[in-house]
Amino acid sequence: MNFHAIRAIYRFEMARTFRTLMQSIASPVLSTSLYFVVFGAAIGSRMGEVDGIHYGAFIIPGLVMLSLLTESISNASFGIYMPKWSGTIYELLSAPVSSAEVILGYVGAATTKSVMLGLLILATARLFVPYHIAHPFWMLAFLLLTAFSFSLFGFILGIWADSFEKLQIVPLMIVTPLTFLGGSFYSISMLPPLWQKIALFNPVVYLVSGFRWSFYGVADVAVGISVAMTALFMLICLVAVWWIFKTGYRLKR
């Protein structure tokens, strides 16, 4: 394992983040803070409890997951797309660096940035809404597993995309709607029976449900199923990345 190569890619990607702090960190934190102000402090104070939890506190895991998914995809996709766009990807492919080392460098940096952002949003939420974390270990585990899985997905998206517009299609048209419909602002038990069954086909439901359980001990789906579905998604992404490097899909053309 060439740790020097992994560290070089990782440090380059992290340096890019710190050069654009306003766009990479401040903007997502500010945007999510507005949700806390509107839905948590303003509207939440006038609403009842959901599953015995104050509404402002109930939506915190969903909002963190919303930012985590979009930023994980964005960080990883942009990180690998830029070398493709500039042509430096060929230097990387010809260097004595394995595909696993490339993935660890890019995906590791994207995961780190996303986890940092998630923790910052949690700290910011404390300024607006009181909450507690019942299972801190599992909260961090879900945070890491989700960030890594969707950073892998973003890495695949960055390789697939051949324009800046395509980088935005999946996050804006698919991931964000699925997150809003995945129980971020409500419990799926509040839906009619038919829609509860339909909601179970939304993979984000399992992420939000498991993450919310780590905070308050309540979940729409069994925690074991949430972990299994997240791990399955990560495995699918790993297989897809392996196939991409094996075949050279959109890398050598």
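With respect to T146, determine if the residue is under 30 Å from T247 (Cα atoms) and assigned to a helix (DSSP H, G or I).
Yes, satisfied.
Please count how many residues of segment 104-126 are of a type in the set (V, I, T) and surrounded by fewer than 23 Cβ atoms within 10 Å (Cβ to Cβ).
So the answer is 3.
With respect to the numbered conditions (1) in contact with a Leu (Cβ under 9 Å, 6 or more places away or on another chain); (2) part of a helix (DSSP H, G or I); (3) buried (at least 18 other Cβ atoms within 10 Å of the Cβ); (4) not small (G, A, S), which one is the sole condition not fulfilled by F245?
Tallying (1) in contact with a Leu (Cβ under 9 Å, 6 or more places away or on another chain); (2) part of a helix (DSSP H, G or I); (3) buried (at least 18 other Cβ atoms within 10 Å of the Cβ); (4) not small (G, A, S), F245 fails exactly one: (3).
So in segment 45-61, with the set limited to residues that are under 24 Å from the mean Cα position of the chain (by Cα) and surrounded by fewer than 24 Cβ atoms within 10 Å (Cβ to Cβ), which one is modelled with the lowest pLDDT?
Here is the first cut: in segment 45-61, the residues under 24 Å from the mean Cα position of the chain (by Cα) are 55-61.
Filter again for surrounded by fewer than 24 Cβ atoms within 10 Å (Cβ to Cβ), leaving 55-57.
Details: Y55: 85, G56: 82, A57: 86.
So the residue we want is G56.
Of the residues that sit in segment 70-103 and are over 15 Å from S151 (Cβ atoms) and among the aromatic types (F, W, Y), which one is surrounded by the most Cβ atoms within 10 Å (Cβ to Cβ)?
In this case the residue turns out to be W85.
The conditions are (1) within 17 Å of I225 (Cβ to Cβ); (2) surrounded by 12 or more Cβ atoms within 10 Å (Cβ to Cβ), and L178 fails exactly one of them. Which is it?
So the condition that L178 fails would be (1).
Anything in segment 202-253 that is within 16 Å of the chain's Cα centre (by Cα), touching a residue at least 40 places away in the same chain (Cβ under 8 Å) and closer than 19 Å to L191 by Cα? List them, or say none.
V204, L207, V208, G210, R212
Would you please name the residue that is nearest to I188 (Cα to Cα), looking only at residues in segment 27-43 that are modelled with pLDDT under 80 and surrounded by fewer than 19 Cβ atoms within 10 Å (Cβ to Cβ)?
Filtering segment 27-43 for residues that are modelled with pLDDT under 80 and surrounded by fewer than 19 Cβ atoms within 10 Å (Cβ to Cβ), the one nearest to I188 (Cα to Cα) comes out as I43.
Residues that are at pLDDT below 90 and in contact with a strand residue (DSSP E or B) (Cβ under 7 Å, 6 or more places away or on another chain): does segment 214-221 have at least one?
Taking every residue of segment 214-221 in turn, none turns out to be at pLDDT below 90 and in contact with a strand residue (DSSP E or B) (Cβ under 7 Å, 6 or more places away or on another chain).
Given the conditions (1) within 18 Å of the chain's Cα centre (by Cα); (2) free of Cβ contacts under 8 Å to residues at least 24 places away in the same chain, which single one is not true for S184?
In the conditions (1) within 18 Å of the chain's Cα centre (by Cα); (2) free of Cβ contacts under 8 Å to residues at least 24 places away in the same chain, S184 misses (2) alone.
Residues checked against (1) closer than 19 Å to M234 by Cβ; (2) modelled with pLDDT of 85 or more; (3) more than 12 Å from the chain's Cα centre (by Cα); (4) among the polar types (S, T, N, Q):
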{"residue": "Y90", "(1), (2), (3), (4)": "no, no, yes, no"}
{"residue": "A95", "(1), (2), (3), (4)": "no, no, yes, no"}
{"residue": "L104", "(1), (2), (3), (4)": "yes, yes, yes, no"}
{"residue": "T111", "(1), (2), (3), (4)": "yes, yes, no, yes"}
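The values are calculated or read from the model by the stated rules, or taken from the named source; none is laboratory data. Treat the numbers as computed from the prediction; the structure is a model and nothing was measured. Because the Cβ atoms are built from the backbone with ideal geometry, glycine has one as well, and the counts that use them run over all protein chains shown.
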